[in-house]
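Contents: one structure, followed by commentary.
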Amino acid sequence: MIVLGLTLAIAGALATIVEPARAAFDRVPAELDLQQRGRTAIEVLSQALRSAINNVTLSDPGADGLFGTLTVTVPFSTPGIAPERYIFRLAAQPDGSYSLIRETSAGAIQPVIDFVSALSFSVSGAEVNVVVRLQASTASLRRVITERVFRSSVRMRNAS
């Protein structure tokens, strides 16, 4: 009887520890994923902006200024090849989230990152300020992980 009581007490203690441990186990990789997606978004946008040869074009800002479209013209290093035009914008996904995509001059749509909740740009001369807000990939993780905001200010080296 005493052994049974001790076993139940130990099992109860373990049961109370399992849920917080599981939540931490799920949260840490999700936070690392947010960080990596943010770095990727900023790097892809920064690389295109640093290489831009024309002033960038901003269009379609939402009423809250959180969504927009950025058009950038990037030269090829091979002489005689026309520059490439990239359009960066958010695209709605079937699950209700948004993805940052890059659309090429040829019309190819290249996904950059998923689960973007806001994207905004502002231009000041040859400098472009980029703000990307990301959310966790699932509704359950969104309850425990807040959105992350990534900002960058990029100076266009080749802007005319």
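Computed from the coordinates by the stated procedures, all read-outs in this text should not be read as laboratory data. For clarity, every value in this text was computed on a predicted model and none was experimentally measured. Neighbour counts are summed over all protein chains in view; Cβ atoms, including those assigned to glycine, are modelled from backbone coordinates with ideal geometry.
What FRET efficiency, computed as 1/(1 + (r/R0)^6) with R0 = 35 Å and r the Cβ-Cβ distance, is obtained for residue 69 and residue 139, rounded to the nearest 0.05? Walk me through the intermediate numbers first.
Numbers: r = 28 Å, r/R0 = 0.79.
Plugging the Cβ-Cβ distance into 1/(1 + (r/R0)^6) gives 0.80.
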Whole-Hz ³J(HN,Hα) from phi, Karplus 6.51 cos²θ - 1.76 cosθ + 1.60, for region 72-89, glycine and proline x = 10, 9, 10, x, 8, 6, 7, x, x, 9, 4, x, 9, 10, 10, 10, 9, 7
Within region 93-110, whose backbone N sits under 20 Å from a point 7 Å along Cα→Cβ of residue 82?
-> 102-110
Estimated [θ] at 222 nm from DSSP helical runs (n ≥ 4, -39500 (n - 2.57)) normalised by residues in the chain, nearest 500 | -12000 deg cm²/dmol
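Hey, fewest Cβ within 10 Å first, where do 32, 45, 90 land in order? Present the calculation step by step, with values, prior to reporting the outcome.
Values: 32 10, 45 25, 90 21.
Going from least to most buried by this count: 32, 90, 45.
Neighbour counts of other C-beta atoms within 10 Å: give me 153, 99 arranged from fewest to most.
On the way: 153 12, 99 16.
Fewest-to-most ranking of 153, 99: 153, 99.
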The long-range amide H neighbours of residue 102, using H built 1.01 Å from N in the peptide plane and a cut-off of under 5 Å, are 110, 112
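Does region 1-158 classify as rounded, prolate or oblate by the C-alpha gyration tensor (a ≥ b ≥ c root eigenvalues; a/c under 1.5 gives rounded; else a/b over b/c gives prolate, otherwise oblate)? Before the final figure, lay out the partial values.
On the way: a/c = 3.39, a/b = 3.16, b/c = 1.07.
Judged from the Cα gyration tensor, region 1-158 comes out prolate (a/c at least 1.5, a/b above b/c).
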Provide the net charge surrounding residue 109, with neighbours chosen by a C-beta distance below 15 Å and charges set as Lys +1, Arg +1, Asp -1, Glu -1.
-> 0
Find out how many positive minus negative residues lie around residue 150, taking Lys and Arg as positive, Asp and Glu as negative, among other residues whose Cβ is under 13 Å from that of residue 150.
-> +3
